[in-house]
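Participant: Following this message is one structure expressed as structure tokens.
Read-outs throughout are calculated quantities, based only on the coordinates presented, and are distinct from any laboratory measurement. Small disclaimer: the values here were computed from a predicted structure and weren't measured. Here Cβ is always computed from backbone atoms with ideal geometry, including for glycine, and neighbour counts include all displayed protein chains.
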Amino acid sequence: MNIDNTASQMRKGVLEFCILSVIKQGEAYPSDIIDKMKSANFNLLEGTLYPLLTRLKNAEFLTYRWVESNSGPPRKYFSLTERGAAFYKELEATWNELANAVKAVTDIDANNSNNNNFNNNP
Amino acid sequence: MKQVININFQGRVVPIETSAFEILKAYTESLNQHFANEEGKEEIINDIESRIGELFQERITKGATCITDDDINAIITSIGRPEDFEPMDDAQPASSSSSSSSNQQQQAGSNFTTGHKRLYRDENNKVIGGVCAGLANYFNVDIVVVRIIFIILIFSFGFGILPYIIMWVAVPSTSSTQLGGTKKKLFRDTDDKMIAGVCSGIGNYFGINPWIPRVLFLLPFLSYFSRWGHWGGFWNFGDVVRFTFSPTSLIVYIILWIVIPEALTTSEKLEMKGEKVDMNSIKNSVMEEMKGVGKKAEKFGKEASGFINEKAKAVSGDMQNFSRRSRGGLGNVIAMFAKIFAYFIIGCVCFGLVMGLFGLGIFSIGVFPLKDYILKGEWQNFYAWGTLVLFIAVPIIGIITWLIRKIAKMKNNSRILRLTFGSLWTLGWVCIIMLIATVTQDFKSSSRLDDQSIALSNPKVNKLVVTSSSPFTKKYYARNWVRFEPFENLLDDDTAYVRNVYVEIERSQNDSFQVTMKKMSRGHDRKDANNLASLIKFNAVQSDSILLLDKGIAINKVDKFRNQLVVITVYVPLGKQIRVNSGIDNGHVHFGARNWGNDWDNDYYDGEQDMKWQHDVDYVMKEDGLYTLTGRKADGWNDKEETYQNNKKKKNGSYRYDRIQDSIERKIDSIENRKQQKKDSIERKAEYLKDSIDRRNEAEKNKIENGTGLIIKPEQEAVASVIMPGVDILTNI
């Protein structure tokens, strides 16, 4: 068992959700998405992002349009489709459920130890 | 200073350093492979390349003149390497599992990709090419042990170097599962196999026609076979080397067969036939690694000596403990030394046995061409084959297999194996015994034929020189091998010439030279032997003072070799000279008659003291035997010395030129003869011409006197003498 593995598994789980939520906030191109994730302290590699975006697009959760740019080749700007929005809602619900559950379990633990401490103090 | 090239990247022209371009190419390659089975992979890759293009533009607009190595590396770092990409779902190609914890993978030598252990070269634990490290990994043996084995192989047989190089090139390195490596794996291609698909697999890996490695493997065998027709040169060192190369290639093939996995699943087959391996990159990496070898060798030396020191300390520590613990410490230590010594001796003996068997195998294969001249019938052939395969090949294969099993730590089903090999070898013993028995049967009886006398064209010459049409003047090593003297022969298609000729010199009863020939042979009974003896074809022809013998007894495959023998006895009259040239006979000759009984073949190995005369020396026959020209009794040993001394005094030449001088003298003699003959014939012709001229002149004179005034030639004269009277008669009518 190793922390890198587990951490990677955790990230894998929430990645789609995070990306979709960024796109939900507004049309974005991949570089943009990376920057936003970075500012939220979620370090994401472009090589991870691009395949994911393509998959989501193939599943018709995302759509894109080409925008010409002066400083470089044209860019793809992604936005959520209706199906994407619905999918996002489900993801959100799942995430909330999960987060609450985890919180509850870890809080019980904290509560228990607090209780113990409390008990130990005369 | 670096070369810069322009590339068309995403629709724009980008100046980039060549080395940076190489890195970029490798990166896009690795992306290609990473997303090989991904749906929409072109799109993904295109996106990534767009991003790279964007970053290029950024740098250029910031004022860089071209994209450098650092730029590329920075870009790659920011986008990430394929193994760092996080897998999204389970429908991922197998290669993505290599992305997890790549560091651990590198150290472990990349055995995880498809859950089936594959042979790689471990580039991270390498000294030269990581071959031993990979092997150690694959066989689960400690790496230092593998290296020691390799070094022992190289130093004792010179044999380890070639397989090492082959494996270095052919076995993929661990870096092939990381960035920039080509994903091609070396498999055996069993769909396209001749024996085991080794050559097809190699062909696929290198992108060459599989027949090229096949020819390479077979080449040593072919070159060996082509030498069978000239096996007289067998003892030539070059041929022995060439012969020993072919088992090496066979062993290499077998090793590759064992070690390279078969391409079973479709994905493996695809991997096997993947993209071309870039020979350029291999060359570059080889050159780089060579530079690091020196340092690595040092390190390894230290490692190895450290290892040995450790072990030695352990052993000596053990021994000390041992001796301390026991009372009669010294006695026990001696016992242990004795045990070690005994093991060592046993090891040497076994080794010697194996080498002996191997040598016997090589020898019997070498003698193979002669098989048909000796063996007759189905059974003998069968026994010969049985001996070769069962008696000789089986223990060799058995020992090699045992060694391989030991090294690979395979499960030891030793009972079954031992039983199988043991029984096969016993069968081999049976075969060899039967072979010897049946062959000796055929040589059992000897013949008994009368002497045959050779007609001499000119028995009254003064000197006879005995020579042969193509004398053997080379010294073969086999001269010392008693049994194989008759085997010095020439192979001419399917006859062999056996130089089983003996020359004897005796005094003649009258004043002519006389030559008789005794033909002898062995056979499985007296009649057979006599028959074979009478079939011997051997000629002796005299021309002037040379007695020309055949170069050997012709043996063909119908009348087999049965130690046929010819004895030429030359009777020399008193006062005449004789000389026997070297290279025509077997060298052991006696002066004086011998009893040619059944055991004639034993007489000839009595030793040199029986040689009463030497080759290439002139002798003259006197009342009581042969004398050299200087008046000494023929004495075998010293005659050559004497001639040598004489020649030295005469011409100050060296011994080596003695023979050449003799042949020159001979040639001079024959030239003189011919000159004389020519002179004679010219004289005769001249006489004839003179005569005819004289006659013509006379005739002319007569004609002039007679008044016809015609000048008539002698032939015409003859005709005229017929016509003229006719004319006369006619005109007188």
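Participant: Order these by the 10 Å Cβ neighbour count, fewest first: B:GLU83, A:GLU97.
Facilitator: Ordered from fewest to most neighbouring Cβ atoms within 10 Å, B:GLU83, A:GLU97 come out as A:GLU97, B:GLU83.
Participant: Also, quick follow-up: Within a 10 angstrom radius of each residue's Cβ in B:74-81, how many Cβ atoms of other chains show up on average? Whole number is fine.
Facilitator: 3
Participant: If you don't mind, another one. With no solvent and one equal point scatterer placed on each C-alpha of the stretch A:3-120, evaluate the Debye formula and give log10 I(q)/I(0) for q = 0.12, 0.17 Å⁻¹, two decimals.
Facilitator: Those come out to -0.55, -0.91, one per q.
Participant: On alpha-carbon atoms, Rg over Rh for the stretch B:1-100 using Kirkwood Rh? All intermediate terms of the calculation are to be shown ahead of the outcome.
Facilitator: Working: Rg = 14.6 Å, Rh = 14.4 Å.
That ratio equals 1.01.
Participant: Over the stretch A:50-99, how many percent of alpha carbon pairs lie in each 10 Å bin up to the one with the longest distance?
Facilitator: P(r) for the stretch A:50-99, in whole percents per bin: 24, 38, 26, 10, 2.
Participant: Still on this structure, please answer the following. Students often check this: by mean Cβ neighbours within 10 Å, which of B:681-693, B:22-34, B:351-363 ranks highest, and how do the rest follow? Numbers along the way, then the final one.
Facilitator: Details: B:681-693: 10.2, B:22-34: 18.8, B:351-363: 13.4.
Listed from highest to lowest mean packing, they are B:22-34, B:351-363, B:681-693.
Participant: Considering every residue in A:64-71, what mean count of other chain Cβ atoms within 10 Å of its Cβ is obtained?
Facilitator: If you average over the peptide's residues, the count of other-chain Cβ atoms is 1.
Participant: I want the local charge near A:PRO30. Using Cβ-Cβ distances under 13 Å, sum +1 for each Lys or Arg and -1 for each Asp or Glu among the other residues.
Facilitator: Computed value for this residue: -2.
Participant: Let me spell out the model: positive unit charges on the Cβ of Lys and Arg, negative unit charges on the Cβ of Asp and Glu, origin at the Cα centre of the stretch B:1-100. What dipole size does that give, in debye rounded to 20?
Facilitator: Details: 8 positive and 19 negative charges, 119 e Å.
Approximately 580 debye in magnitude.
Participant: Give me a single rounded figure for B:42-50: the average over its residues of other chain Cβ atoms within 10 Å of their Cβ. Intermediate values should be presented prior to the final figure.
Facilitator: Working: counts 1, 7, 8, 3, 4, 12, 6, 2, 9.
Shielding by partners across B:42-50 averages 6.
Participant: Something else about it: Where does each of B:ARG51, B:ARG674 land when they are ranked from fewest to most other beta-carbon atoms within 10 angstrom?
Facilitator: Arranged by neighbour count, lowest to highest, B:ARG51, B:ARG674 become B:ARG674, B:ARG51.
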